[in-house]
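Working notes, structure below.
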Amino acid sequence: MSEPPEPAEPSAEPPAEALPESLAEPLAEPTAEPVAEADPALFAHALRIAEALIFASDRPVAPARLAQALPPGIDPRAVITSLMATTAGRPVGLVEVAGGVAFRTAPELAPAITKVVEVPRRLPRVAMETLAIIAYHQPATRAEIEEIRGASLSQSTLEALLEMGFIAPRGRKEVPGRPSLWGTTPRFLEQFGLKTLTDLPRREELVSEPAPPLSA
Amino acid sequence: MSEPPEPAEPSAEPPAEALPESLAEPLAEPTAEPVAEADPALFAHALRIAEALIFASDRPVAPARLAQALPPGIDPRAVITSLMATTAGRPVGLVEVAGGVAFRTAPELAPAITKVVEVPRRLPRVAMETLAIIAYHQPATRAEIEEIRGASLSQSTLEALLEMGFIAPRGRKEVPGRPSLWGTTPRFLEQFGLKTLTDLPRREELVSEPAPPLSA
Amino acid sequence: MTQPVLHLRLDGFEGPLDLLLDLARAQKVDLEKISIIALVDQFLAVLEQARRVRLELAADWLVMAAWLAWLKSRLLVPPDPAEEVDAEALASALTDRLAELERMRLAAAWLARRDQLGREVFGRGAAEQLRIEDRSGINADLPALLQAYAAARRRALARRPYTPKHRKLWTVQDALARLGRLIGALPDWAVLHRFLPEGLTDPVEQRAALASTLIAALETARGGAIELQQDRAFGPILVRRAAPTEAIPDVRAA
């Protein structure tokens with residue numbers, strides 16, 4: 001990326017600060033002992049490898065995959081933390097998503113990008129509700145989704161979610177008829193910028209709004 | 001949203017140098033007059049847009065396409081030149097490819113980030129059968145192989161086996177035309193895990209050979 | 001009854017539960033504290049208006065209406081300990097369903113507000129191939145080699161010119177000779193099958209022998225040496241030596 005090639009880049013040094021909170025949980029236990037023993041030149045090289053590897057991929061890169069590419073003895077989490085710090089605020093920054101890290105454009109640049117890049121249509125309300133129900137109740141059968149919504153679910157809605165890769169079958173429920181069970185995919189996490197399913201608001205938080213808006 | 005306005009980043013300034021030679025020809029006639037009149041903040045914003053757009057695009061971005069996303073009055077070629085200069089030597093650099101510019105990982109990082117996957121070739125059926133017949137009937141001429149297989153044999157099949165090192169010529173048969181005789185090689189034994197040719201199961205164990213036709 | 005907000009657009013609702021949730025929201029209180037009875041009245045009123053406009057209503061609306069009417073009647077009378085179903089529990093189950101639907105609505109709205117990939121944020125548009133395939137190796141092992149040999153040989157053998165199977169067919173001449181030889185020793189009626197040559201196992205050869213023997217028998221019967229009898233179609237064919245004394249007068253000859 002368009003990082004100016006400052007030779008003595010401060011970011012090339014192993015991070016002294018604690019890991020950002022968001023990173024701490026899903027990716028690793030924060031490495032308490034300082035990684036600073038690593039040779040700074042080696043760490044700088046590791047940063048270059050990490051940047052190239054993550055940049056080349058169109059899917060999030062898991063720390064384990066990153067570790068395979070890094071020189072031995074380099075902690076992938078330290079590299080990620082450092083890369084996150086240096087790319088923060090840049091037009092293309094490193095974010096944590098779907099169990100890994102990926103480069104993403106800054107949201108405020110979207111209006112300019114969408115002038116050129118085609119944008120898919122928004123999901124209809126039914127599909128969004130179905131997706132939310134599957135996310136919270138997974139694995140869920142179609143009948144269970146219909147029960148919650150109090151309305152029948154068209155096959156086309158389910159097919160659309162399947163085609164976009166947001167949901168996937170998760171076996172069958174051992175009840176008469178053995179209906180398919182549905183769950184969300186890593187692609188779903190990616191679409192909505194979630195690190196893990198636990199990033200979804202808790203149910204209590206969903207009802208916490210004191211009074212539903214009158215406008216509804 | 002997380003955009004610090006970066007008031008005076010060095011890379012944000014319009015490039016003073018001439019265009020890199022490689023860029024000058026396919027993309028544009030070098031703009032002789034300085035583009036420096038452009039507002040530096042606006043140019044910095046244009047650089048951000050360009051970086052994000054080129055990153056997000058699924059194909060190389062031509063200057064005309066880039067211009068659609070940039071603020072009016074910004075020369076896309078100047079933006080490209082500037083971005084090329086700032087990403088030179090970075091793990092991910094802007095390069096010219098057919099039809100425009102694209103980000104590419106630095107070639108010297110390729111060994112670190114690529115995974116070599118062994119995908120052994122399968123021998124085509126004809127080649128496998130020919131090899132088997134040579135193994136059992138060696139030394140054999142092409143005509144003899146054809147007779148045993150009951151089908152004609154293309155020269156290319158023999159050549160492929162020769163190239164893979166599984167067969168080698170074993171002199172010529174003293175019949176009219178003096179055809180080449182073919183036999184297997186040590187490489188053949190190695191591939192199939194044989195110590196000697198006599199390790200092959202006997203022919204009769206594999207096929208009930210030309211049994212007397214009446215008995216059937 | 002006087003709900004001017006609802007323009008009888010039942011089609012706009014995703015089923016009865018959706019309308020109920022909308023009505024409950026209009027009570028402007030926590031879903032836990034809504035008045036089920038007021039809710040039922042409102043629901044039935046909306047449905048009544050809708051039926052005035054058009055008679056046909058989807059079954060699930062009518063089922064819900066009937067159930068709600070029943071629920072209301074139970075809620076209005078003092079609880080009866082003998083009652084099997086507790087109306088209060090049913091009402092609270094309904095509230096729970098409404099609350100869950102509301103939560104899922106909020107979750108969907110929360111998701112919809114997120115920056116979405118391909119809309120608000122973008123990933124790498126043109127991924128680079130990070131896999132290099134090494135195709136120098138060859139995937140071939142000994143079993144595959146042996147299978148190939150066997151397959152090639154079998155195919156070549158199958159392609160040889162077809163030589164029909166040699167058959168020993170029992171001719172009519174054979175059958176006549178055998179019949180003539182055996183008939184002398186025959187005391188009484190015997191089944192035709194007994195005159196077949198022995199040791200025939202091939203079904204085709206058996207049938208050929210049977211046909212030849214039948215023809216031979218017919219021929220011999222015509223000569224007057226034997227008699228044939230068959231009681232019914234496909235029944236057993238019986239043979240016996242013709243009695244020389246009582247010459248059966250040939251009707252046609254007479």
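None of the figures in this text is laboratory data; all of them are computed from the coordinates on show. All values reported here derive from a predicted model rather than from experimental measurement. Reconstructed Cβ throughout: ideal geometry from the backbone, glycine too, with neighbour counts over all protein chains shown.
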- request: Determine the gain in length on full extension of the stretch A:D58-A:L162; use 0.36 nm per residue of separation and subtract their C-alpha separation, reporting nm with one decimal.
  value: 35.5 nm
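For the residues A:H45, C:H166, what sequence is obtained by ranking on other C-beta atoms within 10 Å, fewest first? Walk me through the numbers before you get to the answer.
Numbers: A:H45 18, C:H166 7.
Ordered from fewest to most neighbouring Cβ atoms within 10 Å, A:H45, C:H166 come out as C:H166, A:H45.
Mind ranking A:184-192, B:112-120, B:196-204 by how tightly packed they are, going by the mean number of other C-beta atoms within 10 angstrom, highest first? Kindly include the intermediate steps, with their values, before the conclusion.
On the way: A:184-192: 21.0, B:112-120: 14.3, B:196-204: 11.0.
Result, highest mean Cβ count within 10 Å first: A:184-192, B:112-120, B:196-204.
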- prompt: Once you average over the residues of A:127-136, how many Cβ atoms of partner chains fall within 10 Å of each Cβ?
  reply: 5
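Assigning unit charges at the beta carbon (Lys, Arg +1; Asp, Glu -1) and nothing else, what dipole magnitude in debye, to the nearest 20, does segment A:101-144 show about its Cα centre?
Working: 6 positive and 4 negative charges, 25 e Å.
In total the dipole reaches around 120 debye.
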message: Between A:R178 and C:D86, what's the calculated FRET efficiency when r is the beta-carbon distance and R0 is 25 Å? Round to 0.05.
response: 0.15
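Looking only at other chains, what is the average number of their beta-carbon atoms within 10 angstrom of each beta-carbon in B:179-190? Before the final figure, lay out the partial values.
Values: counts 0, 0, 0, 0, 0, 0, 0, 0, 0, 2, 0, 0.
Across the residues of B:179-190, the mean count of other-chain Cβ atoms within 10 Å is 0.
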message: I want to check the label-to-label distance for B:Q68 and B:T196. Put each point 7 Å from Cα in the C-beta direction and report it in nm to one decimal.
response: 7.4 nm
query: Residues with amide H under 5 Å of C:I226's amide H, sequence separation 5 or more or different chain, H placed in the peptide plane at 1.01 Å from N; which?
result: C:A221, C:A242
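Viscosity 1.306 mPa s, temperature 10 °C: what is the translational diffusion coefficient of segment C:89-234 from Stokes-Einstein with a Kirkwood Rh over Cα pairs, rounded to a whole number of µm²/s? Don't jump to the answer; show the numbers that get you there.
Values: Rh = 25.8 Å.
So the translational diffusion coefficient is about 61 µm²/s.
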- prompt: Nearest 0.05, what FRET efficiency do A:D39 and C:I132 give at R0 = 30 Å with Cβ-Cβ as r?
  reply: 0.60
- request: For B:A62, enumerate residues with amide H under 5 Å from its amide H, sequence gap 5+ or separate chain, H modeled in the peptide plane.
  value: B:V101
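Which of rounded, prolate or oblate describes segment B:142-187 when judged by the alpha-carbon gyration tensor and an a/c cut-off of 1.5?
In terms of gyration-tensor shape, oblate.
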- request: Report ³J(HN,Hα) in whole Hz for each residue of segment A:151-159, in order, from the Karplus equation J = 6.51 cos²θ - 1.76 cosθ + 1.60 where θ = phi - 60°; Gly and Pro get x.
  value: 8, 6, 10, 6, 4, 5, 5, 4, 5
message: Apply the Karplus curve 6.51 cos²θ - 1.76 cosθ + 1.60, θ = phi - 60°, to the phi angles in segment B:105-119 and return the couplings in whole Hz, x for Gly and Pro.
response: 5, 5, x, 6, 8, 3, x, 6, 9, 8, 10, 8, 10, 7, 10
message: Neighbour counts of other C-beta atoms within 10 Å: give me C:D202, C:D30, C:D231 arranged from fewest to most.
response: C:D231, C:D202, C:D30
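Starting from the Cα-Cα distance between C:A211 and C:A233, subtract it from 0.36 nm times their residue separation and give me the gain in nm to one decimal. Intermediate results must be reported in sequence, preceding the final value.
Values: separation 22, 0.36 × 22 = 7.92 nm, distance 1.62 nm.
Separation in residues times 0.36 nm, less the Cα-Cα distance, equals 6.3 nm.
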Peptide A:87-95 - average C-beta neighbours from other chains (10 Å radius): 5
task: Kindly write out, for segment A:135-145 in residue order, the coupling ³J(HN,Hα) from the Karplus curve 6.51 cos²θ - 1.76 cosθ + 1.60 (θ = phi - 60°), rounded to whole Hz, with x marking Gly and Pro.
output: 4, 8, 10, 5, x, 10, 8, 4, 4, 5, 5
message: Amide H of A:V97 versus every other amide H placed in the peptide plane: which residues, excluding those fewer than 5 positions away on the same chain, fall under 5 Å?
response: A:A102
- request: Would you mind computing, in nm to one decimal, how far apart the modelled labels at C:T171 and C:A58 are, each placed 7 Å from Cα along Cα→Cβ?
  value: 8.7 nm
